[in-house]
């Protein structure tokens, strides 16, 4: 079994290379969005839109010139991407549809036992046949039913059930409202009729472990947010899958200085890791790399395993939107700032759609960090990318934030 021994810097550089968070890592254009999602398996979706939706923020950090319309086309015109459940609510490649058949079958078994929901399902089918794509608000009835998080309208529960078992898919969204239509109208028939490529439960676990490690790039066998959303994969099953994948050389073991447990990479990513290690060993002969900066999404793939980020980057990040205001350390919607191979700070952006202004309400530098002349071009480009993503015509910093944080160079 081939094992790698890395410094923390090498581990950071590999992760950033894997995540396409380096200068010139990925070209502009719609096809690059698809390529990135295919590379990492999925990106997370979240309905909150304080300064862009999560999936849009993931993409603007990587794809030069990104605008939300590009991913909308891939989802709802080209149908190369699809809304689905992977790491919680996610977006993944439509070609992966057959691999989630187990999840859809389990959802059918669960939801079809709910009699009131099934009565509503029959009504939904009839309305979709007659009227085409609909949201739950287009359906009559105010009756409610107990649902996952709280009681909800029966029509919504019926549509979500059908969505979970794959009978309907998202036709389009208006803001966060989902409009559904039958999957058979929107996805290729050969895809819908495809058998599950993973015949056994073990094969499914192996596929999912490999996929999830690839979603991040480097991951350990410890319970944490990096493994969320994989039904039936407890620590025992995960360890067994990792061992099988190591024996088949689908995974390789990585030891990083200062980290007490092994980490794992996909073997297909080994050339990237070996290139990073070679560059580091020949560092004196390298030309300086172009500076790179990015504003990251709160649920960015790089941040899925937050404890690993803390240990490798020395950066502790929590998304505090669901915390009571009095318990927040920073703010409601705070985004990390990546510069080269380190996190230099975090800030609180709020988009004012009426005035088309992206407001920077707060800014916090990490200990020892401040704005330097070398940072200004890259940080300026990162803020421009965010501004383009949220369709802002201007960016406004609170004057007291500029003064307190020394941000005059970014104005």
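The values are calculated or read from the model by the stated rules, or taken from the named source; none is laboratory data. Computed from a predicted structure; not experimentally measured. Glycine gets a Cβ as well: all are built from the backbone with ideal geometry, and neighbour counts include every protein chain shown.
Values as computed for the structure displayed
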| read-out | value |
| --- | --- |
| Residue among 341, 300 that alone is farther than 20 Å from residue 52 by Cβ, in contact with a helix residue (DSSP H, G or I) (Cβ under 6 Å, 6 or more places away or on another chain) and either surrounded by 15 or more Cβ atoms within 10 Å (Cβ to Cβ) or in contact (Cβ under 8 Å) with a residue 40 or more places away in the chain (or both) | 341 |
| Breaking point among (1) closer than 20 Å to residue 224 by Cα; (2) assigned to a strand (DSSP E or B), for residue 360 | (1) |
| Cβ-Cβ under 7 Å pairs, at least 6 apart or on other chains, segment 380-400 side at negative phi, far side at pLDDT below 95 and surrounded by fewer than 16 Cβ atoms within 10 Å (Cβ to Cβ) | 397/411 |
| Index of the failed condition, residue 86 passing every other in (1) surrounded by fewer than 19 Cβ atoms within 10 Å (Cβ to Cβ); (2) at pLDDT 95 or above; (3) under 18 Å from the mean Cα position of the chain (by Cα) | (1) |
| Within segment 244-272, tally of residues that are more than 14 Å from residue 312 (Cβ to Cβ), touching a residue at least 60 places away in the same chain (Cβ under 8 Å), in contact with a helix residue (DSSP H, G or I) (Cβ under 9 Å, 6 or more places away or on another chain) and surrounded by 12 or more Cβ atoms within 10 Å (Cβ to Cβ) | 4 |
| Any hit, segment 263-280, residues being at pLDDT 95 or above, part of a loop (DSSP other than H, G, I, E, B) and within 30 Å of residue 84 (Cα to Cα) | no |
| Selection from segment 311-330 of residues that are at pLDDT 95 or above, out of contact with any strand residue (DSSP E or B) (no Cβ under 6 Å at 6 or more places or on another chain) and not in a loop (DSSP other than H, G, I, E, B) | 311, 312 |
| Subset of segment 363-406 (residues that are part of a loop (DSSP other than H, G, I, E, B), within 26 Å of the chain's Cα centre (by Cα) and under 24 Å from residue 70 (Cα atoms)) | 390, 391, 392 |
| Evaluation of residue 72 against (1) part of a helix (DSSP H, G or I); (2) touching a helix residue (DSSP H, G or I) at 6+ places or on another chain (Cβ under 9 Å) (one fails), failing number | (2) |
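Residues checked against (1) modelled with pLDDT of 95 or more; (2) in contact with a helix residue (DSSP H, G or I) (Cβ under 9 Å, 6 or more places away or on another chain); (3) farther than 30 Å from residue 253 by Cβ:
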site: 155; (1), (2), (3): no, yes, yes
site: 187; (1), (2), (3): yes, yes, yes
site: 213; (1), (2), (3): yes, yes, no
site: 224; (1), (2), (3): no, yes, no
